[in-house]
1. Give the cross-link partners of LYS113 among the aspartates and glutamates, using a straight C-alpha distance below 18 Å as the criterion and excluding same-chain residues fewer than 8 apart.
2. Quick one: work out Rg over Rh on the C-alpha atoms of the chain, Rh as Kirkwood radius.
3. GNM on the chain, C-alpha springs below 10 Å: top fluctuator among ALA180, ALA159, ALA199?
4. In region 1-100, carbon and sulfur make up what percent of the accessible area (probe 1.4 Å)?
5. Among LYS34/LYS143; LYS98/LYS143; LYS72/LYS161; LYS72/LYS194, which pairs are too far apart, with a Cα-Cα distance over 31 Å?
6. Under a 1.4 Å probe, what is the accessible area of the chain per residue, stated in Å²?
7. Build a GNM of the chain with springs between Cα atoms under 10 Å: which of ILE40, ILE28, ILE151 gets the top mean-square fluctuation?
8. Just how large is the dipole of the chain about the Cα centre, in debye to the nearest 20, putting +1 at every Lys and Arg Cβ and -1 at every Asp and Glu Cβ?
Amino acid sequence: EVASRYFRAGADKVSIGSDAVIAAENYIASGGKKPGTTSIETISQVYGVQAVVISIDPKRVYVDSPDGTDDKHTVVSLTDDQKGPNGEKYCWYQCTVKGGREARDICAVTVAKAAEALGAGEIMLNCIDMDGQCNGFDHALMKAVSEAVTIPVIASSGAGKESHFSDVFEATTVQAALAAGMFHRKEVEIMNVKKHMEACGIRARIISQE
């Protein structure tokens, strides 16, 4: 009902956050049964999967080794500059709800796969650890999720300069990348990002300003 008001107002897509995490938890707990009543399912059934974007807000849980970590969590290795506070070389990405205030015992990869199964058409993948840092996107997270699903993944959180965009496209299989702060603060112009990507052989939509 809420989504229908947005569509009637002209929206092409709606984003689902915390509700998607809860839906994924229930989907996994049921052994992969689709209830048919989740917001993901009901919206995609009426408006199409392309209309449903899942926003995932995970944070890192550092571990010393993949061994001993619950098998239900996808553990990734980290580069030296991304090690944990105690030198941990591995982590899994714990999903949060309620604007990041509440952590849930489910990883980003699991939520993404469940959301796709329930009818989501895109994943907007944030990273609480990288948000606002301007040090680039979390490649380990983006790679793990984009390789686990067949729907498009949009990289979010961490962009601070033009090269961060080309870096994430070259290092992962995400289909899109976004930034907010660096554009709002006028630190980088959108056109400069697009021109940089084109120079790197990555197609970008450039509209003539003539």
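The values are calculated or read from the model by the stated rules, or taken from the named source; none is laboratory data. Predicted model, so just to flag it, every value in this text is computed and none were measured. Cβ sites come from the backbone with ideal geometry, for glycine too, and all protein chains shown count toward neighbours. The accessibility values were calculated without ligands, DNA or RNA, using every heavy atom of the protein model including side chains. Shrake-Rupley method; radii C 1.70, N 1.55, O 1.52, S 1.80 Å.
1. Cross-link targets: ASP19, GLU25, GLU41, ASP57, ASP70, ASP71, ASP105, GLU122, GLU147.
2. 0.98
3. ALA199
4. Within region 1-100, the accessible surface is 47 percent carbon and sulfur.
5. Correct reply: LYS72/LYS161; LYS72/LYS194.
6. In whole numbers, the chain has 53 Å² accessible per residue.
7. ILE28
8. 560 debye
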